[in-house]
Amino acid sequence: MPRPRAFGRVWRLSAAMIAVAWSVFPIVLVVLSSFRPQRDIFRIPPSLIFSPSLDNYARLFRDWPAFLPDMLNSVIVTAGATLMTVGFATIAGYAYARHAGRWLNLSAFFMVVVRMIPPIVVTLPLFPLVSFLRLNDTHIVLVLLYSAFFVSLATWIMRAFIAAVPRELEEAARVDGAHLGHIFRHVIVPLVANGMLAAGLFVAVYAWNEFVFALVFTTRNARTAPLVMSEMLSTTDGVDWGVLFAAATIQLAPVLACVLAAQRYVIAGLTAGAVKG
Amino acid sequence: MRAAPRGKLSGVATPVALLTPAQLLLLAVILLPSIYVGWMSFQRATFGAEPVFIGFANWQALLADRVFWRAAKNTFMVVLAVVYGELALGLALAVLMAGWMPMKKTFIALLIAPYAINEVSAVAMWRYVLEPDIGMVSWALIQLGIGQLDWSADPTDALALAAILGIWTHTPFTFLILYAALQGVPAELQEAARVDGAGAWSVFRHVTLPFILPALLVAVMFRTITAMRIFSEVWLLTEGGPARMTEVLAVYLYRAAFRYHDFGLASATALSMVVLSLLIAAPYLLAAWRRMAAHA
């Protein structure tokens, strides 16, 4: 791409700035406002200069003692779902990358089809079943649900990455007498670690932020952070915006950092998983 | 099945063993429940009671319910706004970022930031600036004489805000798919067209666009299907109110099941959502099937 003339450069940069403002402004505003004293939150025009205070955070931990345990639930569920999905997807992706056949094709097609089913649909039969099994409000239900809805995308990502690993490397190890478990650990996994990161990132972001399943299947013990935040948002006696912003800041900081740092994995995963379906 | 190169037994047993965990999970959590939903749509089913077969009564009730049709219409409008809004914005951003741009990595990272934000935070952020009379954007709009978005009272405004939220959260997906597709357009092709005297628009229309069209169609298909599931934005803004005016299909389903305990009616809604999704995805699925069969 040739470097455009001065007018073109100014035009392009301004357009990019406006786009960035649109995508980042709400986030910056909420993070900044979480350090604003309560009385200044709706001040108009908004003051750019204010003395930052941790008052909102103090109120968050005082008025919502469940917030930290709920964050911990989010960590547990996200870790569980990510490990399960990436584990299942890596071995399944290997099968699709290295074997072919009619039944394999059929099962691969099935994996693409289930991705079209809206997640909320399965709450209807699973809600009574989960209650019957006394699994209501447990981490395992969310882990299974989140894994199920991302294992097929993750498998697709892993298939693409594993297919790029030369077969000769495996054959060499096989000749040396290594069996499949050994080949996975020492040949495949080190070479497709990037793919596992990409697949893991998608599941982790989904599990960390998911709302509908958490709303249906958890009440207290396994309640995740987005759910307690929704309760802060829908209190009848007026939203305490400062507290909500403090919670939002804590919840979004780790995931935003991951996404920003891993942008090339997001791109790699999307192209492998969606477009090359 | 093709002859496996390494021994008869491991040739078949290995892939089956490797696929079992993932396939079992899909079967147990998605496929069987989805089929069961189809069966439930012909039952009178409520929580804690034996289901009773009632034929098409749920379907009749659903199709006769004006609230359902309003939810369907609302969903249709929101999906239309979200998908095409995102496509326009995502395509513009992709073209912008694929060309000359300093600090490209940083810009792209900032553009995909909304992907990391959960729906509750997103609703909180936009509600905060658009809170009637006191939000800063509402205030600015009033000062400019445009008038504010009256989302808490006016159903159309509420759905418009839900659509804005959808576009804001999901544009990164559309943008990245199109950006990745643009990376694959051969520069020589564009250069050749330019040498032949084609203008920027003409190069885009006749060289770039045909090249990225498959990716563009996939993005539109995926987003149509996922936008149809919209729930959180509407639920957290209005819970479907006032007077069920702003319900979308997923909210209608949720309310039927978990507020009115009518699992039969909810199942009929769910099944119609599944069928609609599969119909929209049919061309994509057909192409995927052909490609897989070709590789067998």
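The values are calculated or read from the model by the stated rules, or taken from the named source; none is laboratory data. Everything quoted here is computed from the prediction, not taken from an experiment. FYI the Cβ positions are ideal-geometry reconstructions off the backbone, even for glycines, and counts take in every protein chain you see.
If you go through the range A:10-23 and keep only what is at the interface with chain B (Cβ under 7 Å from one of its Cβ atoms) and more than 17 Å from B:ALA94 (Cβ to Cβ), you end up with nothing. Checked against (1) surrounded by fewer than 18 Cβ atoms within 10 Å (Cβ to Cβ); (2) within 8 Å of chain A (Cβ to nearest Cβ); (3) of a type in the set (Val, Ile, Thr), B:VAL218 meets all criteria but (1).
Tallying residues that are polar (S, T, N, Q), farther than 29 Å from A:LEU260 by Cα and assigned to a helix (DSSP H, G or I) within the range B:149-181 yields 1. Residues that are at the interface with another protein chain (Cβ under 7 Å from one of its Cβ atoms) and hydroxyl-bearing (Ser, Thr, Tyr) within the range B:96-134 comprise B:TYR115, B:SER121, B:TYR128, listed in sequence order. Please verify whether the range B:58-69 includes one or more residues that are closer than 21 Å to B:ILE225 by Cα and under 22 Å from the mean Cα position of the chain (by Cα). Yes, the range B:58-69 has at least one match. Residue-level check: of (1) within 7 Å of chain A (Cβ to nearest Cβ); (2) within 30 Å of B:ILE54 (Cβ to Cβ), B:GLY240 misses just (1). Filtering B:ALA192, B:ALA187, B:ALA153 for residues that are at the interface with chain A (Cβ under 9 Å from one of its Cβ atoms) and more than 16 Å from B:SER232 (Cα to Cα) leaves a single hit, B:ALA187.
Residues A:ASP55, A:ASP70: which one is touching a helix residue (DSSP H, G or I) at 6+ places or on another chain (Cβ under 7 Å), closer than 29 Å to A:LEU201 by Cα and of a type in the set (D, E, K, R)? When all the criteria are applied, what remains is A:ASP70. For the range A:32-58, a residue qualifies if it is crowded, with 16+ Cβ neighbours inside 10 Å and at the interface with chain B (Cβ under 10 Å from one of its Cβ atoms), and the qualifying residues are A:SER33, A:ILE41, A:PHE42, A:PRO46. From the list B:ALA256, B:ALA294, exactly one residue is closer than 23 Å to B:GLU50 by Cα and of a type in the set (A, V, I, L, M, F, W, C). Which is it? One residue alone meets the criteria, B:ALA256.
Would you be able to say whether some residue in the range B:40-63 is among the β-branched types (Val, Ile, Thr), farther than 30 Å from A:LEU83 by Cβ and at pLDDT 90 or above? There is at least one residue in the range B:40-63 that is among the β-branched types (Val, Ile, Thr), farther than 30 Å from A:LEU83 by Cβ and at pLDDT 90 or above.
One line per residue, one yes/no per condition, for (1) in the same structural domain as B:VAL185 (by TED's automatic domain parsing); (2) β-branched (Val, Ile, Thr); (3) buried (at least 24 other Cβ atoms within 10 Å of the Cβ); (4) at pLDDT below 95:
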position: B:ARG70; (1), (2), (3), (4): yes, no, no, no
position: B:PHE76; (1), (2), (3), (4): yes, no, no, no
position: B:LEU80; (1), (2), (3), (4): yes, no, no, no
position: B:ALA88; (1), (2), (3), (4): yes, no, no, no
position: B:LYS104; (1), (2), (3), (4): yes, no, no, yes
position: B:SER121; (1), (2), (3), (4): yes, no, yes, no
position: B:ASP133; (1), (2), (3), (4): yes, no, no, yes
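Inspect the range A:79-88 for any residue being within 24 Å of the chain's Cα centre (by Cα), part of a helix (DSSP H, G or I) and within 7 Å of chain B (Cβ to nearest Cβ) and give the result as yes or no. Yes: one or more hits. Taking the range A:230-254 only, how many residues are more than 10 Å from chain B (Cβ to nearest Cβ), in a helix (DSSP H, G or I) and over 17 Å from the mean Cα position of the chain (by Cα)? Number of matching residues: 3.
Counting only helices (runs of 4 or more DSSP H) that sit completely within the range B:45-148, those holding 1 or more residues that are touching a residue at least 60 places away in the same chain (Cβ under 8 Å) and within 30 Å of B:VAL203 (Cβ to Cβ) correspond to B:66-98, B:104-111. You will find that of A:THR236, A:THR218, A:THR271, the residue that is surrounded by fewer than 21 Cβ atoms within 10 Å (Cβ to Cβ) and not hydrophobic (A, V, I, L, M, F, W, C) is A:THR236 and no other. When the criteria are applied in full, A:THR224 fails the requirement of being at pLDDT below 95 and crowded, with 20+ Cβ neighbours inside 10 Å. Here the range A:255-272 is the region considered, the condition is being touching a helix residue (DSSP H, G or I) at 6+ places or on another chain (Cβ under 8 Å) and more than 8 Å from chain B (Cβ to nearest Cβ), and the residue that is farthest from A:ALA204 (Cα to Cα) is A:ALA272. Out of A:LEU227, A:LEU201, report the one residue that is within 12 Å of chain B (Cβ to nearest Cβ), assigned to a helix (DSSP H, G or I) and in contact with a Ser or Thr (Cβ under 7 Å, 6 or more places away or on another chain). Step by step, each of A:LEU227, A:LEU201 is checked, and only A:LEU227 is within 12 Å of chain B (Cβ to nearest Cβ), assigned to a helix (DSSP H, G or I) and in contact with a Ser or Thr (Cβ under 7 Å, 6 or more places away or on another chain).
Each row is one residue, and each column tells you yes or no for (1) surrounded by 14 or more Cβ atoms within 10 Å (Cβ to Cβ); (2) modelled with pLDDT of 95 or more; (3) in the same structural domain as B:TRP126 (by TED's automatic domain parsing); (4) under 22 Å from B:ILE30 (Cβ atoms).
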{"position": "B:PHE211", "(1), (2), (3), (4)": "yes, no, yes, no"}
{"position": "B:PRO242", "(1), (2), (3), (4)": "no, no, yes, no"}
{"position": "B:SER267", "(1), (2), (3), (4)": "yes, yes, yes, yes"}
{"position": "B:SER272", "(1), (2), (3), (4)": "yes, yes, yes, yes"}
{"position": "B:LEU279", "(1), (2), (3), (4)": "no, yes, yes, yes"}
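Only one entry of A:ILE44, A:ILE76 meets the criterion of being of a type outside the set (Phe, Trp, Tyr) and outside any loop (DSSP other than H, G, I, E, B), and that entry is A:ILE76. When residues in the range A:100-125 are screened for being at the interface with another protein chain (Cβ under 7 Å from one of its Cβ atoms), under 18 Å from B:MET228 (Cβ atoms) and not in a helix (DSSP H, G or I), 3 of them pass.
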